[in-house]
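The values are calculated or read from the model by the stated rules, or taken from the named source; none is laboratory data. For clarity, every value in this text was computed on a predicted model and none was experimentally measured. Quick reminder, even Gly has a Cβ in these numbers, built from the backbone with ideal geometry, and neighbours come from all protein chains shown. For the accessible areas, the whole protein counts, side chains as well, though only heavy atoms, and no ligand, DNA or RNA atoms are used. Shrake-Rupley method; radii C 1.70, N 1.55, O 1.52, S 1.80 Å.
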Amino acid sequence: MKSADAQGATDALIQTDNGKAWEEKMDIYKLDNSERQMTRELYEEIFSEDSKAFVDYYYTEKTKDNQIYAVKEDGKLCAMLHLNPYTILVNGNEKQAHYIVAVATKEEYRKRGFMSALIKRALQDMYQAGETFTYLMPAAEKIYLPHDFRTVYEQDIKYYQPGETEEGMEVSKAVEADCEALAQWANYMLGGKYQIFARRDEAYYQRLIRECGSDGGSLMIYRKNGEITDCRLYYPDEEEPKSEKPKIMVRIVDVRRMLMSVRLKSLMAACFQITDPIIPENNRCVTITGTEFSGVMMMDSKPENSEGTITVAALASLLFGAKSVDEVCEEEGVQMSERMKGEMEKIVPLSQIYLNEVV
């Protein structure tokens, strides 16, 4: 199974002197249902490593409810970006979020700022829709760093290996009749271990079974004494699982919603300025207060009361546990008083993450 992300599009995000000029006059379209299939040719051109069966699956299943943004020039599709929807549980609270995939530009249209413009438009639309954060699996992290995405998680996907099961364990190929029980088991198991994960339901596993099958694989269920204990992917044609773990990068969409999603270790209060070069509404001075019992409470504050400044990218690294307070203070654009540092250390980071979806 292969990721349908930004492979082949790296050059498209390299900034050039005339990138702004191109962005001002390009037309960005949010494709309707009847237009989504027109992007398949570009998908197959850029992501040529994906099998026809997998692309058939993607354009049958995932395009039913996703959003596709496109740049056209003279009626020709030049670049695209897909947003695939998921319901994400964050500290037990459901949030609608989009997984950015299939980011691509035709070779002859690269280095003209198309990808930058698509990302900016998608982020601004997600903000208007009330979303908290977005995420993606990068072909290369450097592509997305200028857009304030930060790496917070490495996928840890376990595969079924014949002959490696313990005594008394039964392993069988999952079928659609198993999907409801799988979802109930997974939500209970994940909810007990992780702060962030995609909510499972029957449709989630029905899709996953078809996704595995498109690449010749299966979803295998482990049972002991009749009870589900695990489920893993199985690809019999692959000699051994890939050793390199795909990375997941996040980008905060709405800083207020993001801050309200975390928990606190103890009583805290801090006032600081947030900066965001892409979503103007995130440029604000806020005061956050709360306790380990109340959670975060927040209000807008006057800049003269600020104890420091933090960029939206550094805030993501801090809130998702990728960096400590001292580490984010070393980043450009970040400054905190000693008192603010102490207060920010009272935030419980969202470091227990399980986002193992491919597309």
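Below is a table of values for the structure above.
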{"item": "Matching residues, segment 130-162, being exposed (fewer than 12 other Cβ atoms within 10 Å of the Cβ) and modelled with pLDDT of 95 or more", "result": "Gly130, Lys142, Glu154"}
{"item": "Selection within segment 104-115 - under 24 Å from Thr63 (Cβ atoms) and open to solvent by less than 20 Å² (accessible area, probe 1.4 Å)", "result": "Ala104, Thr105, Phe114, Met115"}
{"item": "Sole exception among (1) assigned to a helix (DSSP H, G or I); (2) free of Cβ contacts under 8 Å to residues at least 24 places away in the same chain for Glu61, by number", "result": "(2)"}
{"item": "Selection within segment 240-284 - within 22 Å of Ser301 (Cα to Cα), under 18 Å from the mean Cα position of the chain (by Cα), not charged (D, E, K, R) and not in a loop (DSSP other than H, G, I, E, B)", "result": "Ile252, Val255, Met258, Leu259"}
{"item": "Subset of segment 317-359 that is in a strand (DSSP E or B) and under 30 Å from Arg210 (Cα atoms) - its residue that is least open to solvent (accessible area, probe 1.4 Å)", "result": "Ile353"}
{"item": "Search result, residues across segment 24-65 that are basic (Lys, Arg) and open to solvent by less than 70 Å² (accessible area, probe 1.4 Å)", "result": "Arg36, Arg40, Lys62"}
{"item": "Of residues in segment 145-162 being aliphatic (A, V, I, L, M) and not in a strand (DSSP E or B), the one nearest to Met220 (Cα to Cα)", "result": "Ile157"}
{"item": "Residues of segment 163-175 that turn out to be open to solvent by 90 Å² or more (accessible area, probe 1.4 Å) and not in a loop (DSSP other than H, G, I, E, B), as a count", "result": "2"}
{"item": "Pair list, Cβ under 8 Å, 6 or more apart: segment 316-345 residue closer than 17 Å to Val286 by Cα and of a type in the set (Lys, Arg), other residue in a helix (DSSP H, G or I) and open to solvent by less than 80 Å² (accessible area, probe 1.4 Å)", "result": "Lys341/Val325"}
{"item": "Number of positions in segment 82-131 that are polar (S, T, N, Q), under 18 Å from Arg200 (Cβ atoms) and without any contact (Cβ under 8 Å) to a residue 40 or more places away in the chain", "result": "1"}
{"item": "Any hit, segment 292-304, residues being assigned to a helix (DSSP H, G or I) and either within 24 Å of the chain's Cα centre (by Cα) or surrounded by fewer than 15 Cβ atoms within 10 Å (Cβ to Cβ) (or both)", "result": "yes"}
{"item": "Flag for Ser261 being touching a residue at least 60 places away in the same chain (Cβ under 8 Å), of a type in the set (S, T, N, Q) and over 28 Å from Ala140 (Cβ atoms)", "result": "yes"}
{"item": "Unique match (being modelled with pLDDT of 95 or more and open to solvent by 10 Å² or more (accessible area, probe 1.4 Å)) among Met268, Met249, Met220, Met258", "result": "Met220"}
{"item": "When residues of segment 89-103 are limited to those that are open to solvent by 10 Å² or more (accessible area, probe 1.4 Å) and part of a strand (DSSP E or B), the one nearest to Arg257 (Cα to Cα)", "result": "Lys95"}
{"item": "Residue in segment 190-197 that is among the β-branched types (Val, Ile, Thr), under 26 Å from the mean Cα position of the chain (by Cα), under 21 Å from Val359 (Cα atoms) and part of a strand (DSSP E or B) present", "result": "yes"}
